[in-house]
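Before any comments, here is the structure.
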Amino acid sequence: MSAKTKIIVRIIGSSITLAIAGRMAWALNKLILAGEQGCTPIDAPAPRWSAYVHALRKIGIVIETITEPHGGPYPGSHARYVLRSAVEIVEAT
């Protein structure tokens, strides 16, 4: 799925249908494919994961943020994003 993709998704258990385009569509697709494992910017590099997640949350999609520590030469923490809304892709263009 490219950054130019547009998808129509339905939130399962509701009558809500959403049209999502560009990097938000890309990020949502990555979250759907990742399942319970979720995604990190390390697993699926993209410049603005937090912005994509924020925008998806604003339109009603529930995404959990799990903070994970990491070591290495620059220890700290990173986010793991896990899709909690049950969604299905109705159409992709």
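Taken together, the values in this text are just the output of simple stated rules run on the coordinates, not laboratory data. These figures come from a predicted structure and were not determined experimentally. Please note: Cβ atoms are built from the backbone with ideal geometry, for glycine as well, and neighbour counts cover all protein chains shown.
Write out, first by first residue and then by second, each pair whose Cβ atoms fall under 8 Å of each other, whose residues are 6+ apart or on separate chains, and whose first residue, in region 35-52, is on the phi > 0 side of the Ramachandran plot while the second is buried (at least 17 other Cβ atoms within 10 Å of the Cβ) and assigned to a helix (DSSP H, G or I).
From region 35-52, the pairs are 38/31.
Counting only residues that are over 8 Å from the mean Cα position of the chain (by Cα) and hydroxyl-bearing (Ser, Thr, Tyr), which one in region 8-60 is surrounded by the most Cβ atoms within 10 Å (Cβ to Cβ)?
40
Between a first residue in region 58-80 that is in contact (Cβ under 8 Å) with a residue 24 or more places away in the chain and a second residue that is surrounded by 11 or more Cβ atoms within 10 Å (Cβ to Cβ) and acidic (Asp, Glu), which pairs have beta carbons less than 7 Å apart while being 6 or more apart in sequence or on different chains?
78/68; 80/68
I'd like to check something: does region 19-34 contain any residue that is of a type in the set (Gly, Ala, Ser) and within 23 Å of residue 68 (Cα to Cα)?
Yes, region 19-34 contains at least one residue that is of a type in the set (Gly, Ala, Ser) and within 23 Å of residue 68 (Cα to Cα).
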